[in-house]
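Here is the structure we will look at.
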Amino acid sequence: MAEKKLVDARGSFCPGPLMELIAAIKMVEIGDELEVLSTDKGSAAEIPQWLKKVGHEHLGSHEEAGVWHVNVKRTK
Amino acid sequence: MKILVIGGGMGGTILANNVARTLKDDLKSGKVQLTMLSASDKHMYQPGLLYVAVGKMTPDEMYKDQASLLEPSIQFHVDPVETFMLDDNQVKTKSGKVHSYDILVIATGSRMFPDSIPGLKENAEFFYTEETAVKLFHRVREFQGGKIVIAMGVPHKCPMAPLEITFMLDDFFRDRGIRDKVQIHYTYPIGRVHTLENVAKWAQPEMDKRGITYETLFNLKSVDGEKRVLHSEEGVDISYDMLISIPSHKGMEVIETNKLGQNGWIPTDRYNLNMEGRSNVFILGDTTNIPISKAGSTAHFEAETVGANIVAMVKFGAPVRKYDGKVFCFIQTGSESATYAMFNYIKPPDPKAPTRAIHWFKLAYNKLYWISARGLL
């Protein structure tokens with residue numbers, strides 16, 4: 001497995017953290033992990049919803065000093 | 001002091017003109033040299049493509065000679081860079097000439113990449129080149145009825161384009177008197193009709209009012225041109241009679257071949273706009289990897305920041321400004337109405353209700369752009 005890829009989407013309203021993740025997940029291999037950093041609270045809910053629908057794995061989320069860290073694994 | 005600008009698009013052109021005017025005495029005396037290298041002798045107003053696609057602008061209105069937009073003190077060459085030798089502060093061009101620099105600006109832009117979705121290139125209509133926009137105009141002009149599906153790749157250039165083409169087509173078919181024979185079906189990759197929540201809050205009821213149907217959480221996986229069906233990553237299939245796509249894009253090939261950034265996006269400091277690890281190399285517009293809109297206004301505001309900093313580096317030996325993430329996007333909400341979204345890294349956009357006055361201002365800006373490119377607006 002490659003090193004976890006960081007998707008730094010802090011301060012991104014447009015295209016936004018989920019769009020940044022959708023673009024980034026295509027650039028990693030199946031089995032690789034990504035960590036999305038977001039200052040948008042909505043992303044903490046929005047990203048897991050998309051992961052569930054498309055079939056990738058949500059490894060967990062936490063908030064730290066106003067930044068949400070959403071951990072993701074590409075599974076397909 | 002040698003300043004070298006790679007790329008003659010919006011960002012590179014505004015920056016070069018701003019620097020040339022501010023440092024005119026230094027350029028005249030020879031203390032500073034300012035050179036631009038570009039792949040083309042023409043400058044295209046890219047937002048014009050949307051209007052060409054619905055017959056509201058002619059193709060020739062989108063172009064001017066690049067040299068005519070530049071201050072005379074800028075040395076302009078149509079000779080694209082093929083090799084970046086950043087450790088030696090040099091680049092090598094297609095003609096074989098080597099240019100050295102003290103400060104380098106890379107503003108090479110992006111290119112459409114429909115190939116990332118199997119079947120998309122062969123079966124979809126696009127409007128991101130003059131040729132495809134003109135072809136789309138003829139297709140929609142001759143369309144007699146059926147289902148038009150709007151679908152996009154990720155990431156895509158100009159996040160407002162999907163909404164704009166959708167609403168403009170709605171008006172286009174109303175004007176033709178066949179809107180009742182055309183189903184317009186809009187798809188979007190995330191769980192609402194636009195990534196900006198406030199834009200989505202306005203756009204979704206507007207689609208309902210106009211009878212535009214939509215499918216959210218739809219990420220294109222492949223296109224079956226024979227059966228005329230789109231397949232999504234989420235497992236949804238959608239049939240179509242005409243497919244219009246805003247394809248994904250990536251940075252220019254020269255960026256990838258020189259290993260300056262994955263997918264052609266160069267890692268860039270979001271505030272100082274210098275290439276990560278290189279204080280004398282600045283990146284503008286679509287070429288950065290900053291997670292904000294790839295749009296003309298982004299390149300414009302970044303160019304103002306970097307231009308001011310280059311002047312300060314010449315005069316004070318240090319940069320003076322930081323980029324705050326400012327973006328200003330017009331949103332064409334139909335053939336007779338428009339609004340806009342303005343935001344930065346901290347402040348989200350709060351677009352107002354569309355008006356005819358903003359539409360007129362947008363039409364005026366389509367002409368004023370040439371003053372903007374000269375760095376005067």
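With respect to chain B, whose longest principal axis is taken over its alpha-carbon atoms, helix B:161-176 is tilted by about 50°. With N counted as the residues of region B:208-312, its alpha-carbon radius of gyration over 2.2 N^0.38 Å works out to 1.50. Among beta bridges from DSSP that stay inside region B:114-249, the antiparallel ones total about 35%.
The mean sequence separation of alpha-carbon pairs under 8 Å and at least six residues apart, normalised by the residue count of chain B, gives a relative contact order of 19 percent. Between region A:1-73 and region B:295-312, how far is it from one alpha carbon centroid to the other, in angstrom? Taking the Cα centre of region B:295-312 as reference, the centre of region A:1-73 is 29 Å away. The residues of region B:224-254 occluded by other protein chains by 40 Å² or more of accessible area, set against the chain on its own, are B:Glu233, B:Glu234; surface from heavy atoms, 1.4 Å probe. Relative to the current alpha-carbon distance between B:Glu82 and B:Lys147, full extension at 0.36 nm per residue lengthens the span by 19.0 nm.
Pair-distance distribution P(r) for chain B, from all Cα-Cα distances in 10 Å bins starting at 0: 5, 23, 32, 23, 13, 4, 0 percent. The DSSP beta bridges internal to chain B are antiparallel in roughly 50% of cases. Working from label points 7 Å from Cα in the Cα-to-Cβ sense, the B:Ala364 to B:Met342 distance is 1.5 nm.
The equivalent ellipsoid of chain A has semi-axes of 18, 12, 12 Å, largest first, where each one is the square root of 5 times an eigenvalue of the Cα gyration tensor.
For B:Val236 and B:Arg210, FRET efficiency with R0 = 22 Å and r from the beta-carbon atoms, rounded to 0.05? Computed FRET efficiency for B:Arg210 and B:Val236 comes out at 0.45. Using the empirical formula 2.2 N^0.38 Å as the baseline, the Cα radius of gyration of region B:124-221 reaches a ratio of 1.06. Cross-link partners of B:Lys147 among lysines, defined as those whose alpha carbon lies under 20 angstrom from its own and excluding same-chain residues fewer than eight positions apart: B:Lys121, B:Lys135, B:Lys181, B:Lys209, B:Lys221, B:Lys227. Summing +1 for each Lys or Arg and -1 for each Asp or Glu among the other residues whose beta-carbon sits under 10 angstrom from that of B:Asn123 gives -2.
Taking the average, over residues, of other Cβ atoms within 10 Å as the packing measure, peptides A:13-23, B:261-271 rank A:13-23, B:261-271 from highest down.
Per the Cauchy relation, a quarter of the hull surface: what is the mean projected area of the convex hull of the alpha carbons in the protein assembly as shown, in nm²? That works out to 21.5 nm², a quarter of the Cα hull's surface.
Peptide B:291-297 is shielded by partner chain Cβ atoms: per residue, an average of 5 of them sit within 10 Å of its Cβ.
Within region B:262-286, find all residues whose amide N lies under 15 Å from a label point positioned 7 Å from the Cα of B:Ala318 along Cα-to-beta-carbon. Those under the cut-off are none; the list is empty. Taking B:Phe361, B:Phe143 and ordering them by how much accessible surface each has at a 1.4 Å probe, largest first, produces B:Phe361, B:Phe143. With a threshold of 25 Å on the Cα-Cα distance, the over-threshold entries among B:Lys201/B:Lys294; A:Lys26/B:Lys259; B:Lys56/B:Lys347; B:Lys97/B:Lys294 are B:Lys56/B:Lys347; B:Lys97/B:Lys294. Taking a sphere under 12 Å around the Cβ of B:Arg192 and counting the other residues whose Cβ falls inside, with K and R at +1 and D and E at -1, yields a net charge of -2. Once the C-beta distance of A:His58 and B:Asp180 is scaled by a Förster radius of 35 Å, the resulting FRET efficiency is 0.20 to the nearest 0.05. Note on region B:1-129: the C-alpha convex hull projects to 9.9 nm² when averaged across all orientations. Which whole-number percent gives the relative contact order of region B:114-249, counting Cα pairs below 8 Å spaced six or more residues apart? In percent, rounded to a whole number, it is 37. Averaged over peptide B:169-177, the number of partner chain Cβ atoms lying within 10 Å of each residue's Cβ comes to 0. Between the helical axis of A:41-54 and the longest alpha-carbon principal axis of chain A there is an angle of about 20 degrees. Counted by Cβ distance under 11 Å from B:Glu215, the other residues give a net charge of -2, where Lys and Arg count +1 and Asp and Glu count -1. Shown for chain B: the carbon plus sulfur share of the solvent-accessible area, taken with all protein chains present and a 1.4 angstrom probe, equals 51%.
The values are calculated or read from the model by the stated rules, or taken from the named source; none is laboratory data. Just so we're clear, the structure is a prediction, and the values are computed from it rather than from any experiment. Note: ideal-geometry Cβ built from the backbone for every residue, glycine included; neighbour counts use all protein chains shown. Calculation scope for accessible area: heavy atoms of the full protein, side chains included, ligands and nucleic acids excluded. Shrake-Rupley method; radii C 1.70, N 1.55, O 1.52, S 1.80 Å.
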